[in-house]
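Below: one structure, written as structure tokens.
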């Protein structure tokens with residue numbers, strides 16, 4: 001069965017005469033729990049909720065591949081999902097290897113929460129698989145490919161192999177690619193994480209995240225990774241509300257269409273921007289001129305809706321964003337509408353002041369290109 005068909009059908013309920021075709025949100029804190037609570041599927045909503053169950057089944061199916069079945073857990077945000085992986089793996093004295101250019105929130109969690117507890121942090125760039133040189137004694141290798149905001153690509157399969165040989169588990173932030181565009185678990189990663197705030201929900205109106213693992217996967221002590229994540233979520237309360245879970249589930253059915261259009265628009269915009277004298281650099285792995293195009297084409301099924309480009313300076317980037325009429329100046333990405341921002345304004349990344357990160361939406365590409373042209377001019 002093709003991806004689009006499989007994903008759309010995964011959001012429907014089993015066939016029961018007289019029952020709704022779609023899942024609905026279940027609002028509850030406690031559930032009826034007479035007798036032994038171990039015999040009840042649902043007891044208290046910090047541990048489980050039927051709406052999560054439906055959403056996690058759809059996400060797990062998206063994360064599954066040939067020869068393995070995935071299991072997924074949802075969280076209240078993408079950053080909560082990142083922290084869940086770190087918390088499940090890392091203990092005082094352990095070493096974590098992260099990209100120096102990954103999402104700043106992931107770096108912040110490590111630096112502010114885990115380093116003070118005795119975690120050693122090692123950083124290296126995504127490009128050129130630079131993290132491979134830092135794996136000796138590591139407990140966790142965290143990857144992000146394509147990276148945010150420079151869209152650099154690393155070899156997930158090769159780095160996963162090297163990390164496992166060094167005794168480390170591997171987590172991949174797959175937000176920019178999405179599970180439909182890239183399958184980290186199939187490439188050898190132990191954890192596939194995504195901020196579902198972005199393309200999976202796709203409307204820019206909620207926060208959510210998830211982590212997927214192979215069913216039955218264990219750590220070095222033989223403890224199932226899924227069980228460690230589930231226990232951590234229940235204890236920490238980093239949960240997703242039932243309304244948000246239902247909205248994500250409702251949105252998944254249109255994800256194949258949205259992703260296809262967003263990726264097509266991103267590639268067309270990247271090619272157009274490459275012709276403009278105002279633009280000194282375009283960063284998008286779907287361009288054949290990108291230094292990692294061959295690698296990206298090998299490990300990705302689509303190149304994602306996000307691209308970055310560099311204008312002369314801060315003023316030029318601000319002028320572009322002010323003049324654009326069909327581009328919403330906002331942070332985040334992956335919505336049905338096109339957004340962009342001068343990313344250096346946050347001060348988190350070592351990037352040019354004139355770098356604009358753009359998330360291509362589903363508008364008509366002709367209109368987007370015309371708008372970009374007039375804004376640059």
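With respect to the conditions (1) part of a loop (DSSP other than H, G, I, E, B); (2) closer than 22 Å to residue 255 by Cα; (3) in contact with a helix residue (DSSP H, G or I) (Cβ under 9 Å, 6 or more places away or on another chain); (4) at pLDDT 95 or above, residue 331 falls short on a single one, namely (4). Hey, does region 116-128 have a residue that's touching a residue at least 60 places away in the same chain (Cβ under 8 Å), assigned by TED's automatic domain parsing to the domain that holds residue 151 and surrounded by fewer than 23 Cβ atoms within 10 Å (Cβ to Cβ)? Scanning region 116-128 turns up at least one residue that is touching a residue at least 60 places away in the same chain (Cβ under 8 Å), assigned by TED's automatic domain parsing to the domain that holds residue 151 and surrounded by fewer than 23 Cβ atoms within 10 Å (Cβ to Cβ). For region 111-137, the set of residues classified as closer than 17 Å to residue 82 by Cβ, assigned to a loop (DSSP other than H, G, I, E, B) and more than 18 Å from the chain's Cα centre (by Cα) consists of 119 only. Selection of region 346-361 for residues being surrounded by fewer than 23 Cβ atoms within 10 Å (Cβ to Cβ) and either without any contact (Cβ under 8 Å) to a residue 12 or more places away in the chain or within 27 Å of residue 251 (Cα to Cα) (or both) yields only 347.
Here residue 340 passes the criteria (1) in a loop (DSSP other than H, G, I, E, B); (2) surrounded by 14 or more Cβ atoms within 10 Å (Cβ to Cβ); (3) touching a helix residue (DSSP H, G or I) at 6+ places or on another chain (Cβ under 7 Å); (4) at pLDDT 95 or above except the one numbered (1). Residue count for region 32-60, restricted to those that are under 25 Å from residue 10 (Cα atoms), in contact with a strand residue (DSSP E or B) (Cβ under 9 Å, 6 or more places away or on another chain) and modelled with pLDDT under 90: 0. Restricting region 352-369 to residues that are over 18 Å from residue 319 (Cβ atoms) and outside any helix (DSSP H, G or I) leaves a set whose member that is nearest to the chain's Cα centre (by Cα) is 359.
Only one of these is free of Cβ contacts under 8 Å to residues at least 24 places away in the same chain, closer than 13 Å to residue 326 by Cβ and either out of contact with any strand residue (DSSP E or B) (no Cβ under 9 Å at 6 or more places or on another chain) or not assigned by TED's automatic domain parsing to the domain that holds residue 267 (or both): 373, 364. Name it.
Details: 373 fails: free of Cβ contacts under 8 Å to residues at least 24 places away in the same chain.
Matching residue, one of 373, 364: 364.
In the set (1) touching a helix residue (DSSP H, G or I) at 6+ places or on another chain (Cβ under 9 Å); (2) buried (at least 23 other Cβ atoms within 10 Å of the Cβ); (3) assigned to a helix (DSSP H, G or I), the condition left unmet by residue 308 is number (3).
Beta carbons closer than 9 Å, at least 6 apart along the sequence or on distinct chains, pair a first residue in region 293-314 that is not assigned by TED's automatic domain parsing to the domain that holds residue 101 with a second that is surrounded by fewer than 20 Cβ atoms within 10 Å (Cβ to Cβ) and part of a strand (DSSP E or B) for 308/281; 309/281; 310/281.
The values are calculated or read from the model by the stated rules, or taken from the named source; none is laboratory data. Since this is a predicted model, take the numbers as computed values, not measurements. Glycine gets a Cβ as well: all are built from the backbone with ideal geometry, and neighbour counts include every protein chain shown.
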